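Visitor: Structure below; questions to follow.
Nothing in this text is a laboratory measurement; each read-out follows from the coordinates by a stated rule. Here the structure is a predicted model, which is why all the values come from computation and not from measurement. Glycine gets a Cβ as well: all are built from the backbone with ideal geometry, and neighbour counts include every protein chain shown.
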Amino acid sequence: MAKITFVKEKKTIEVAPGTNLRKAALENGVQVYWGFHKNFPFNCMGFGHCGSCNVLITKGEDNVSRPGLWERFRILAGPLLFFWRIGNEKKLRLSCRCQVEGDVEVETTPTHNWHGERFWG
Ligand code: FES
């Protein structure tokens, strides 16, 4: 079993290796979307198109699947995700494109910390 610790929510869950990170979070009451993106049609329901399910893998980034071509393209093509990726190249992931293989720590909705230390500096 792999442990996923959601840092902001202070919640740890155990999942089978290969479990989708977005699915595991939502099934356990952890929200990966911010604001109006919580509801369809303002998110793509896990198809990797909207980019709103982004998370930071704060610990154990080698314990998740490697980002595929589409995920890398989506992050680079998104104007905000492109800039938020800087300095977090291995950590910023789309949770719907990410399979958990081992223990990880995850920060949800990291890119909407508009007044946090990371945004301005
Ligand atoms: S849910 Fe839209 S990119 Fe993940």
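Visitor: Choose one answer from E89, E101, E71: the residue with the largest mean-square fluctuation in a GNM of the chain with alpha-carbon springs under 10 Å.
Guide: Of E89, E101, E71, the most mobile in the Gaussian network model is E89.
Visitor: Within the chain, what is the number of lysine pairs with alpha carbons under 16 Å apart, leaving out pairs fewer than eight places apart on the same chain?
Guide: Count of close lysine pairs: 11.
Visitor: Can you give the calculated 222 nm mean residue ellipticity of the chain, where each DSSP H run of n ≥ 4 adds -39,500 (n - 2.57) and the sum is split over every residue, rounded to the nearest 500 deg cm²/dmol?
Guide: -5500 deg cm²/dmol
Visitor: Is there a quick way to get the dipole size of segment 46-101? I mean about its Cα centre, with the Cβ of Lys and Arg at +1 and of Asp and Glu at -1; what is the value in debye to the nearest 20?
Guide: 80 debye
Visitor: Which of W34, W70, W84 comes first, and how do the rest follow, when ranked by fewest Cβ neighbours within 10 Å?
Guide: By the 10 Å Cβ count, ascending: W70, W34, W84.
Visitor: Could you put R66, R22, R85, R72 in order, starting from the residue whose Cβ has the fewest other Cβ atoms within 10 Å?
Guide: Going from sparsest to densest Cβ surroundings: R66, R72, R85, R22.
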